[in-house]
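Q: I have a structure here, written as structure tokens, and I will follow up with some questions on it.
Readers should treat all values here as calculations from the given coordinates under stated rules, not as data from a laboratory. In this text, all values refer to a predicted model and were calculated from it rather than measured experimentally. Cβ sites come from the backbone with ideal geometry, for glycine too, and all protein chains shown count toward neighbours.
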Amino acid sequence: MKKIININLSGRVIPIEDAAYEKLQAYVESLRRYFVNEESRDEIINDIESRIAELMNEKVRKSSAAITETDVQEIITSMGTVEDFEAVDSETVTAGANVTSQQSTQQNYTNTGTTKPRGRLYRDSNDKFIGGVCSGIASYLNVDPAVIRLLFAIIGFGTGIGFLAYIILWIVLPPKDLEGFSGKRLYRNPDDKIIGGVAGGLAAYFNKKATGLRLIFAAPSITEYFNQHTGQNELED
């Protein structure tokens, strides 16, 4: 003959077999150990006990004389065991690691561009100053569009050949909405500037000292000045 006791669980008086009560106590204690490091552990346990009391009360209302070990096991299965919680935690950690790995791979892909598949060359209709040629070439090479524009401005348009090449590419290349470049960008540096911050921005982009770049920019003007000054001295002599 099984011993039946009455317990008060979350304000409900529940008749339960002695062995079933021991099983229930062991389950609740395992939950307390599992949530021991949680700040809201008491609230969690109270909510779980309240739900267990509701389930037990429903069974008693359905003409059950008392809660049995089988009833307790059914409730534990429906609520979940510590092993179930740990399995979910493990899956969550694994999923988080996979997301982190994917983000790292995407970041490496963005920064290095070594694995970016190259398709057809287009003009970029989303990021354009004139016709989107420079930004299209930049997307194809996976570099900052400002770098390509700078090269066209310095090398191409200075000789006139670059302007013709730009017009030809504008005519030949089809337009397309391309994905914006999200890697390292080239900007003017407002914190390190003498005139407009161009040299400071280039220095920050290439991780060089701005002084050297300013000297490079100033070299043509300095050379021209000395040439003119030397020519005037020769004429005076």
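Q: Loop only by DSSP, 12 or fewer other Cβ within 10 Å of the Cβ. Give me the GluC sites (Glu not before Pro) in segment 1-89 that pass, ordered by residue number.
A: Glu38, Glu39
Q: Which FRET efficiency value, to the nearest 0.05, is calculated for Ile44 and Ile4 with the Förster distance at 45 angstrom and r the Cβ-Cβ distance?
A: For Ile44 and Ile4, the calculated efficiency is 0.95.
Q: If you don't mind, another one. Please compute the modelled spin-label separation between Lys208 and Thr223, points set 7 Å along Cα→Cβ, answer in nm with one decimal.
A: 1.5 nm
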